[in-house]
Amino acid sequence: MKKPSSRTMTYLCLALLLVLAGIFYLVNRNTGVQASDDPLSVGMVERWNAALPAGFSKESAEHIADGRGYSFAKLTYEKDVADILAKWETPAADMQARFDAVIDAQLADASTTQADAALIETARPTLDESWVCFSLQSEDDPNDVILLAYQSATHVMIVAEQQK
């Protein structure tokens, strides 16, 4: 049997590298998490340095301008995103009260329309062990808070934000 030439070996190594690079690209493209370019997510990046995963439809009542106001959104994802929410936990004992406080403040705010109030009341979460939650609070102003809750069974995420 004739030994392959160094040129043949070089071509075989390059071909193998191209195949491996193609496989790596396909795997990362299919499992990589893309941040949403939705205005809600863009605003979260600006205010909280955190983005929402892409792939959702949205119903929202957003009234944040000049760093003040409220935002409430019900996001319904096309597929389950629980696997990318590694730092999220089942609701802490005070999480329902925290959601209710932000939601009630938004409902009482003069900028909340009747349509927004109806959406908020309809989508208001009742947190139990089927939800996972995450929250952030501003270091500069403890009244600035964002609360997120995700229910894997329904692919629904609720976002409630307060900026004072």
Open item on the list: Quick check on my filter: what residues within the range 40-58 are touching a residue at least 12 places away in the same chain (Cβ under 8 Å) and exposed (fewer than 14 other Cβ atoms within 10 Å of the Cβ)?
Closed with: A50, S57
- [ ] Select from the range 102-126 the residues that are under 26 Å from P53 (Cβ atoms) and touching a strand residue (DSSP E or B) at 6+ places or on another chain (Cβ under 9 Å) and list them in ascending order.
- [x] V102, I103, Q106, D116, L119, I120, T122, A123, R124, P125
Task: Tabulated pairs, the range 135-164, first within 18 Å of N49 (Cβ to Cβ), second among the aliphatic types (A, V, I, L, M) and open to solvent by 40 Å² or more (accessible area, probe 1.4 Å), C-beta under 6 angstrom, 6+ apart or interchain - done: I146/L136; Q163/I64
Task: Residue selected from the range 65-82 under the condition farther than 12 Å from I120 by Cα and of a type in the set (S, T, Y), by the criterion surrounded by the fewest Cβ atoms within 10 Å (Cβ to Cβ) - done: T76
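The values are calculated or read from the model by the stated rules, or taken from the named source; none is laboratory data. All of these numbers come straight from a predicted model, not from anything done at the bench. Positions of Cβ are backbone-derived with ideal geometry, glycine not excepted, and every protein chain shown enters the neighbour counts. These area figures cover heavy atoms from the full protein model, side chains too; ligands, DNA and RNA do not enter into them. Shrake-Rupley method; radii C 1.70, N 1.55, O 1.52, S 1.80 Å.
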